[in-house]
Each structure stands twice: as C-alpha cells, then as structure tokens.
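Here the structure is laid out as structure tokens; the discussion comes afterwards.
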Amino acid sequence: MISRRSVLATPLALAACDRFAQAGTAPPATEATPLKDVIPCPFGATANSAQLEDAAFVTAMLRHVDQVTPEWELKMERTLQAGFGTDFSAADRVVDWARDQDLAVHGHTLIWYSQGAEVFHDDLDRRTFTREFDRYVRETAGRYCGRMRGWDVVNEPVAEDGEGLRDCHWSRVLGVEGYIVRAFELAREADPDAVLFLNEYNLENIPAKGATFLKLVEKLKGMGAPIDGIGTQSHLNIEIPAGRISGFIRDAASLGLPIHVSELDFPRTRDGGGMPDLRTPAQKTAQQVARVGELAEAYFALPERQRYGLTTWGLRDPDSWLLRPEHKNWADDHPLLLDVEGRANPAYQAVVDAATGRAGS
Ligand code: G3I
C-alpha cells in the first residue's frame, strides 16, 4: 500500500531532486534556518572532541542545536582504563564545552554490550565484576550529576534479529535483564534528575526487533527498573516500506514514556546485501524525503511530554560516522539534514513540512 506520505513526497522529492540532481542546479545558496527554530522539541546532534577543534563545526552547532550527545567520549572505550581505572578528560572536554555554550547534554552510554569486555573479562570473579560494575556506573553518572539532561543507561540490549536479548559479558554475569535493571537503579541513585533511557537501533527497520524491545521495556519496568524513556536510534534504512516507522512510533508512544529519536541518519548507500543498486539519485532522494517525513510527522504528532528530543548522528553530512574510512567510508553519501555548507538537504524540507503541518496538505 502506498501511503499518502510517500505519494505526496514524490513531487516534493522530485522537485528536490531537480534542485540537486540536475547538472548546474546548485543546492540552496543560503544556510538553512536553524533546526532548533524549526523542530518542535529539543534538537540535538553529536559532537566529538576532534570536531570541537573545527571552528566551522562549532559555528554550525551553535546555530542549529539545543543539545549535544558526545559521540564517543562517554563510552567505556574512552573512559575505562586497565585495572578499572577511569579517564574522563575527553568526556569533560565535550561536556564542559556544551555547558559553556548553555547547551543541554545527553549522556551516551553507560553500559553497552560492545564495550568493556577487555576489562570486565569472563574469568573475573563474580564479586569483583559486580563491585566494579556498580562502581563504574555510580562514578560515571555521579560525575555528571545535575549536568546530564538524560542518559542512555543501557545501549542495544536486543539481539540483532530481534529474537530475544543479546548475550554479552554483562548478561553472562548479572543476567539478561539483571544487568539492565541494576544499571538503571545505580544511575537513578547517582543522578536522580536525569531522564534514563533504554536505547536501541533498527526498531523501525525490523518490526520484530521493535516489538521485542517494547516488550522488554514493559518487562523491565515491571521488575522495578526506573526506565524513564525509550531511545530509538533511527539509523533509517530508507528502502523500508512506508508505514513501518509510523507504526513503531505509534506502538512506542502507547507505553506513555518520553521518546528520544537519538541517532537519526538516513544514508542513500545500500548497506551490503549484494544486490546491485539500480536506484537513480532522484529515487534515493525520494526515499529519504518520504521516510524522514514519515518519522517527523509521527514524532511531532506525539504529546509534548513524549517528545524528549530529536538528535541526528552528526550535524552536517561530513560530520557523519558513515563517511569516515574507519566506519562505512561512504564518502559521497548525504545521510543528514544539512550539507557540508550547512545548507538544507532535501530531507530538511520534509522535517519543516512535518513541523508546520504542511505535510500531506
Ligand atoms: O578520535 C580518536 C583519535 O584521536 C584516536 O587516535 C583514534 C584511535 O582509535 O580513535 C578516535 O576515536 C574514534 C571515535 O569514533 C571518533 O572518531 C574511536 O576510535 C572510534 O571507536 C569511535 O567510533 C564510534 C563508535 O560508535 C564506537 O564508539 C563512532 O564515532 C560513533 O559514531 C559510533 O556511534 C554508534 C553509537 O554509539 C551507537 N549506535 C550506533 C552508532 C554508529 O555506530
């Protein structure tokens, strides 16, 4: 079924495509209107300490955002040292900068399956493991008490395909739900006013994963975990059918919790799969516009108390992890709302239309 959004988006997207795809037709000459002035909720983007040395990046961030998520400096890969030592110097650089600019900070992330195993290794005795787990969460959340608007307390607990939960060093010692409940209880104790999130990806792209995640949130809350909010990373696969994104947002909203669109990007490059990509630039742009528009419309329609914020993972295209050689190395992709000059990419207009209620008109 073609949704109203995808049909209506086509003329808009094709217009955008005309604007960008035809030789000699330049993108908008002017810088985009500040996203924080357009988006009806706090708008955030990631920053890392290297980017803060770039004056153009800092200028763009101060123009567009209300909130910052440190891209990696608050993760164990940077904070946790051998022998359970900690080094928060890089995290302090980003958090202090945000405070100096009067920007909110969203902490990412205290406990993640993909980090910490080299120190919290499997032959550690359970007592030491548990003591150091508690100490790390208390120390990290406690260090920034009162300065974090919210925390991704646990990141990506659900199995890749959505069938069950991840097996990891945390779950093997503390239990598949046990480590999550414990982390949330410790974070609440360390920073009582921070909004505590469970954060996950592919919740829209893979409906089974979205369903498993929401059931997990309900189960954990039933176990007493002080989960305040749902973080949906929204690294969108723009080739998914219309309706999946709005369907997940609707289901997530039914839990009544604040929702953070926590890591939005929407690459044009097909991620693997081996199939030749025969899409034209215009078709890729139409898909970006349709899917981002669907997300924005569904999210902005939520009650204000459930719109914690919309964060893009990077601010301008070149700020994206997706373009970096050490990650996806999609050097010519345009996965974000702004181009290298801070001008509006086609999907920016879909966000504006959703925010002003023009979408679908
Ligand atoms: O900047 C340092 C450099 O100075 C140093 O020499 C080098 C040594 O390895 O590290 C560089 O930092 C890298 C950092 O990105 C900044 O580019 C880290 O190695 C690298 O591990 C880190 O990768 C981050 C990745 O998560 C792992 O933490 C990416 O930036 C970040 O975009 C990515 O973000 C994740 C979210 O946390 C969870 N959801 C998926 C998302 C994308 O993978």
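Name every residue in the stretch 223-235 that is more than 16 Å from the ligand (Cβ to nearest atom) and more than 16 Å from R188 (Cα to Cα), in order of residue number. Of everything in the stretch 223-235, nothing turns out to be more than 16 Å from the ligand (Cβ to nearest atom) and more than 16 Å from R188 (Cα to Cα).
For the stretch 236-273, how many residues are among the charged types (D, E, K, R) and more than 16 Å from the ligand (Cβ to nearest atom)? Before the answer, list the steps.
Within the stretch 236-273, the subset among the charged types (D, E, K, R) is 239, 244, 250-251, 263, 265, 268, 270-271.
With the extra rule that they be more than 16 Å from the ligand (Cβ to nearest atom), the set shrinks to 239, 244, 250-251, 268, 270.
Total meeting the criteria: 6.
Residue pairs whose Cβ atoms lie under 8 Å apart, sitting 6 or more positions apart in sequence or on different chains, and linking a residue in the stretch 68-95 that is on the phi > 0 side of the Ramachandran plot to a partner that is surrounded by fewer than 22 Cβ atoms within 10 Å (Cβ to Cβ), are G83/V119; F84/V119; F84/E132; F84/R135. Would you mind stating whether T69 is within 13 Å of the ligand (Cβ to nearest atom), among the β-branched types (V, I, T), at pLDDT 95 or above and over 20 Å from the mean Cα position of the chain (by Cα)? Criteria not met by T69. Would it be correct to say that K209 is of a type in the set (K, R) and free of Cβ contacts under 8 Å to residues at least 40 places away in the same chain? It is false that K209 is of a type in the set (K, R) and free of Cβ contacts under 8 Å to residues at least 40 places away in the same chain.
Does R270 meet the test of being more than 23 Å from L338 (Cβ to Cβ) and touching a residue at least 12 places away in the same chain (Cβ under 8 Å)? Taking the combined requirement at face value, the residue does not satisfy it.
Just one of the listed residues (A29, A55, A90) is within 11 Å of the ligand (Cβ to nearest atom) and surrounded by fewer than 19 Cβ atoms within 10 Å (Cβ to Cβ), and it is A90.
Residue check: is G142 within 20 Å of T86 (Cα to Cα) and within 14 Å of the ligand (Cβ to nearest atom)? So G142 fails the test.
For beta carbons closer than 6 Å, sequence separation of 6+ or different chains, a first residue in the stretch 322-342 that is without any contact (Cβ under 8 Å) to a residue 40 or more places away in the chain and a second that is more than 13 Å from the ligand (Cβ to nearest atom) and among the small types (G, A, S), the qualifying pairs are L323/A331.
Selection of helices (runs of 4 or more DSSP H) fully inside the stretch 29-95 by the criterion of at least 3 residues being hydrophobic (A, V, I, L, M, F, W, C) returns 55-64.
Taking V137, is it of a type in the set (A, V, I, L, M, F, W, C), closer than 24 Å to K221 by Cβ, in contact (Cβ under 8 Å) with a residue 40 or more places away in the chain and away from the ligand (no atom under 16 Å from the Cβ)?
Working: of a type in the set (A, V, I, L, M, F, W, C): yes; closer than 24 Å to K221 by Cβ: yes; in contact (Cβ under 8 Å) with a residue 40 or more places away in the chain: yes; away from the ligand (no atom under 16 Å from the Cβ): yes.
Considered against the rule, which asks whether it is of a type in the set (A, V, I, L, M, F, W, C), closer than 24 Å to K221 by Cβ, in contact (Cβ under 8 Å) with a residue 40 or more places away in the chain and away from the ligand (no atom under 16 Å from the Cβ), V137 comes out as yes.
Consider D123 carefully, then state whether it is under 24 Å from G146 (Cα atoms) and away from the ligand (no atom under 13 Å from the Cβ).
On the way: under 24 Å from G146 (Cα atoms): no; away from the ligand (no atom under 13 Å from the Cβ): yes.
For D123, the condition - under 24 Å from G146 (Cα atoms) and away from the ligand (no atom under 13 Å from the Cβ) - is not met.
Number of residues in the stretch 97-117 that are assigned to a loop (DSSP other than H, G, I, E, B) and either of a type in the set (F, W, Y) or within 13 Å of the ligand (Cβ to nearest atom) (or both): the value is 4.
Look at the stretch 32-47: where a residue is within 16 Å of the ligand (Cβ to nearest atom) and a partner is of a type in the set (D, E) and at pLDDT 95 or above, sitting 6+ places away or on another chain with Cβ atoms under 6 Å, you get T46/E71. If you go through the stretch 196-212 and keep only what is within 14 Å of the ligand (Cβ to nearest atom) and out of contact with any Phe, Trp or Tyr (no Cβ under 6 Å at 6 or more places or on another chain), you end up with F197, L198, N199, Y201, N202, N205, K209. Please verify whether the stretch 199-211 includes one or more residues that are touching a Lys or Arg at 6+ places or on another chain (Cβ under 7 Å), aromatic (F, W, Y) and not in a helix (DSSP H, G or I). There is no residue in the stretch 199-211 that is touching a Lys or Arg at 6+ places or on another chain (Cβ under 7 Å), aromatic (F, W, Y) and not in a helix (DSSP H, G or I). Among all positions in the stretch 177-194, there is no residue which is over 17 Å from R138 (Cβ atoms), assigned to a helix (DSSP H, G or I), in contact with a Gly (Cβ under 7 Å, 6 or more places away or on another chain) and more than 16 Å from the ligand (Cβ to nearest atom). Screening the candidates A282, A301, A286, A344 for the property of being of a type outside the set (F, W, Y), more than 17 Å from the chain's Cα centre (by Cα) and buried (at least 23 other Cβ atoms within 10 Å of the Cβ) yields one hit, A286. Under the condition of being at pLDDT 95 or above and out of contact with any helix residue (DSSP H, G or I) (no Cβ under 7 Å at 6 or more places or on another chain), the residues counted in the stretch 258-292 number 13.
The values are calculated or read from the model by the stated rules, or taken from the named source; none is laboratory data. No experiment lies behind these values; they were computed from the predicted model shown. Note that each Cβ is placed from the backbone with ideal geometry, even for glycine, and that neighbours are counted across all protein chains shown.
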